[in-house]
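The values are calculated or read from the model by the stated rules, or taken from the named source; none is laboratory data. Computed from a predicted model, the values in this text were never measured in an experiment. Positions of Cβ are generated from backbone atoms using ideal geometry, with glycine treated the same way; all protein chains shown enter the neighbour counts.
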Ligand SMILES: Cc1ncc(COP(=O)(O)O)c(C=O)c1O
């Protein structure tokens, strides 16, 4: 590595474990080997009917001139007409009272988190150091290296609630969480719901308790809704979506099947939106206009919600049902356990009796052409001394059933 890089350069050019993993997945995705079984990666499914509707919409935009799509800069807050359409849609759907000052557009959720984490944590203006608190780990790996300061994340080890049918669910350990809030200087709390990698959807009650804790500690609560409502709506439990001026709700167009658009949406109080807009201006002048121009009409006419309810959500729900069936068929009567499949499109499988680490399991499966994600990468902001951290894997089940079956059978034979 270049010795003349800054601290920023050193931090952001580091070759982390997950970078290595993504390199592996990228190579496997582009290989011509027909026998590779790809169950890693977080790409949404290309749902043919949804893709057709997006391409038709693109043609309409092109026929109308397309100038707004790439010929002009939006303001740093993002496309005004898109923000207006979102505001109306969200107020109608959830009875909120948003105005245009409550929404900012970014170049994808990943860049929303970079701005938000470094706004509320790290080296503060008064010289103190603050951290981002993750109430539950495992948590989304993309948060891991976002801080401009070192060691900016701290996570709380969850409680494990076990059910019949070899299923389990992580729950927030509120006693530990309160302890962490006392011991560490926390600037912001962040949770993904549904959670990548586990498919967990923290309950309304858990979220309400987090909301109260955040308010009483005078810090914001970020809820990462990349897989949630209103789009792509990949939630299979009965939960509600709430927002208040202490909540920062992050949405994304990616999991609708549009990750290439790089469009994120942040809903927050006026001061946070103003701050995020200014960061947008400095980092990128303006967010991309492509996603907003493509989807403004569909948001305004509520066609996007209809597409979610009639095509996208049912597609993922059906895949989730198949995933649970296959797990029961293949792993039934073994010691393997499946995290309750409540949202997103991942199976999180725990092997309490695993004789090797999840990393070794990954390597062994890779040698046989099966790609999964070893779970230890997702226990961010925690010490590595909990054996459970090395006993889990993540599988993307938004695949053809035959591919998923074959892959799960190979995992079974490797472990048992
Ligand atoms: C939980 C979660 N949040 C955020 C993102 C980032 O999404 P994007 O930057 O594409 O909007 C992802 C991507 O996989 C994710 O899984």
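Quick check on my filter: what residues within the stretch 307-323 are without any contact (Cβ under 8 Å) to a residue 24 or more places away in the chain and either within 16 Å of residue 51 (Cβ to Cβ) or under 20 Å from the mean Cα position of the chain (by Cα) (or both)?
310, 314
Within the stretch 127-152, can you find the residues that are under 17 Å from residue 218 (Cα atoms) and either surrounded by fewer than 24 Cβ atoms within 10 Å (Cβ to Cβ) or within 16 Å of the ligand (Cβ to nearest atom) (or both)?
Correct list: 128, 129, 130, 131, 132, 134, 135.
If you take just the strands (runs of 3 or more DSSP E) that sit entirely in the stretch 156-207, which of them hold at least 2 residues that are within 16 Å of the ligand (Cβ to nearest atom) and either at pLDDT 95 or above or buried (at least 20 other Cβ atoms within 10 Å of the Cβ) (or both)?
By residue number, 186-192.
Hey, can you tell me all the residues within the stretch 258-284 that are free of Cβ contacts under 8 Å to residues at least 12 places away in the same chain and away from the ligand (no atom under 16 Å from the Cβ)?
271, 282
Kindly indicate the residue of the stretch 245-257 that is more than 9 Å from the ligand (Cβ to nearest atom) and in contact (Cβ under 8 Å) with a residue 60 or more places away in the chain and also farthest from residue 215 (Cα to Cα) among those meeting that condition.
Step by step, filter the stretch 245-257, then rank; the result is 257.
Only one of 103, 83 is in contact with a strand residue (DSSP E or B) (Cβ under 6 Å, 6 or more places away or on another chain), within 16 Å of the ligand (Cβ to nearest atom) and farther than 22 Å from residue 378 by Cα; which?
That would be 103, the only listed residue that is in contact with a strand residue (DSSP E or B) (Cβ under 6 Å, 6 or more places away or on another chain), within 16 Å of the ligand (Cβ to nearest atom) and farther than 22 Å from residue 378 by Cα.
When residue 363 is evaluated against the numbered criteria (1) in the same structural domain as residue 116 (by TED's automatic domain parsing); (2) free of Cβ contacts under 8 Å to residues at least 12 places away in the same chain, which criterion, by number, is the only one it fails?
For residue 363, the failing item is (1).
Out of 108, 95, I need the residue that is within 15 Å of the ligand (Cβ to nearest atom) and assigned by TED's automatic domain parsing to the domain that holds residue 282. Which one? Step through it out loud before you land on a result.
On the way: 95 fails: within 15 Å of the ligand (Cβ to nearest atom).
The match here is 108.
Does the stretch 17-58 hold any residues that are away from the ligand (no atom under 16 Å from the Cβ) and under 30 Å from residue 123 (Cβ atoms), and which are they?
17, 20
Just to confirm my filter: which helices (runs of 4 or more DSSP H) fall fully inside the stretch 1-97 and include at least 1 residues that are under 26 Å from the mean Cα position of the chain (by Cα) and closer than 30 Å to residue 411 by Cα? I'd like the intermediate steps shown before the answer.
Values: elements: 7-12, 17-30, 48-63, 67-70, 80-94.
Here the list reads 17-30, 48-63.
Within the stretch 296-315, identify whether any single residue is within 15 Å of the ligand (Cβ to nearest atom) and within 24 Å of residue 113 (Cβ to Cβ), and answer yes or no.
no
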